[in-house]
DNA sequence: CGCCCTGTTGCTTTTATCGCACAAAAATGT
DNA sequence: ACATTTTTGTGCGATAAAAGCAACAGGGCG
């Protein structure tokens, strides 16, 4: 496997910078990447020219180019999903998410919707763009359940495959329960829709709605 | 000014890929960058490891990592906005909000602040994370007013564009009045800051403070 | 069957990158 | 206010990393 060291460093830098909420000095960045400061300077300069980072004084932080990039990430799927998610969120009174598999072991929530009418001061901590492992959370499990049964899979996955939906509690956040159903996107990856809520709800009925949403999205992405 | 050629190429590749809505073959990419195919392959491999692109069959397209970056960018913007919002809330005695455009017709409030000293039992029904249409509420109108004049726009929008701030009453909640000013996040996203109050206030002075806050936030995301 | 395209690898050559070393600026202490 | 330490920012030559070329296996197509 041949990967480019220079580019790799640049991207790692971008990642580090994006993680630093209140910016990073060039020296800090150099330390994190374990490279000479001079290199870090050149990396930052290059990233800056592409508007991916911006410098204010001595601190480097994520730039608007990141937002631009994301705007172009509109797979037709994400666009099409938005109204479905909104409907699902409103119907169940919980936050709804669309999650895409990334590679074989991770997934990323790429779109979400909150119910229009709130049932209290709920704030669900499942955030768009935060990668996590497939094993954690209902959305990831639902994606795993799409694959043909595999020897060492957890029982959770087998159950999800059989029932058509996955359910987890507290795996991604204390006190939160998630229900999700997976579906295939023809071109490539697995995906799942699900809801996350902090309160009690009728699992049967929510599961049905989630599965319904999944099949709608599946047919959308086939067409 | 010293910029890294390798990284630069990688980022240009990322840009090209992000522009091709339905993907790019590696050969096309190599042509666009005017490099050997072998190099393009190595670039794609590296980008792929960082989740910024994904390959489906022969086509390369923008990957979920872009969404990750966007999420973090938004997170940072919200953090940076918090003190400004707090100051605005305290100065005006009203609840202050930061709202981001979401697509072309909706927006979502992503951060808020309440005045530290209360002027009564204020409860503003404008909730973080709840999407609504751009036409409703001062924050949305302010974002619409950023766009070049468009034929069938409401008079409200034209007024907002001219004066630099929007003002609405009761659109999102009975008896609530909102004042907001928009600003550009130089990529794609429109944003606005505003206040919402249930009581009477001096529009002129509040508008000035809101505009001030908007320009501060704009410079934060530009610099 | 022959042709064109994709994806990958090995190797040579060059050139872009590394990392030292140094200047400038800021922060710190007295 | 001044001296000193720490941190920031930038040339420059040596070197290692990437460019560029060529070759090759598989696959799809006429």
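The table that follows gives values for the structure above.
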quantity	calculated
Residue A:87 modelled with pLDDT of 90 or more, over 13 Å from the mean Cα position of the chain (by Cα) and in the same structural domain as residue A:198 (by TED's automatic domain parsing)	yes
Any chance residue B:24 is away from chain A (no Cβ under 11 Å), more than 8 Å from DNA strand C (Cβ to nearest atom) and crowded, with 16+ Cβ neighbours inside 10 Å	yes
Residue selected from region A:42-89 under the condition at the interface with chain B (Cβ under 7 Å from one of its Cβ atoms), closer than 20 Å to residue A:28 by Cα and in contact with a strand residue (DSSP E or B) (Cβ under 7 Å, 6 or more places away or on another chain), by the criterion nearest to DNA strand C (Cβ to nearest atom)	A:61
Residue within region B:2-15 that is assigned by TED's automatic domain parsing to the domain that holds residue B:193, touching a residue at least 24 places away in the same chain (Cβ under 8 Å) and more than 17 Å from residue A:13 (Cα to Cα) present	no
Residue under evaluation residue B:33, criteria (1) away from DNA strand C (no atom under 12 Å from the Cβ); (2) within 17 Å of residue A:69 (Cβ to Cβ), criterion not met	(2)
Entirely in region B:2-113, the strands (runs of 3 or more DSSP E) that have 1 or more residues that are farther than 24 Å from residue A:109 by Cα and away from DNA strand D (no atom under 16 Å from the Cβ)	B:95-102, B:106-113
Residues satisfying the stated conditions in region B:154-163, i.e. touching a helix residue (DSSP H, G or I) at 6+ places or on another chain (Cβ under 7 Å) and more than 20 Å from residue B:185 (Cβ to Cβ)	B:156
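The values are calculated or read from the model by the stated rules, or taken from the named source; none is laboratory data. Not measured: the values here are computed from a predicted model. Virtual Cβ from ideal backbone geometry, glycine too; neighbours counted across all protein chains shown.
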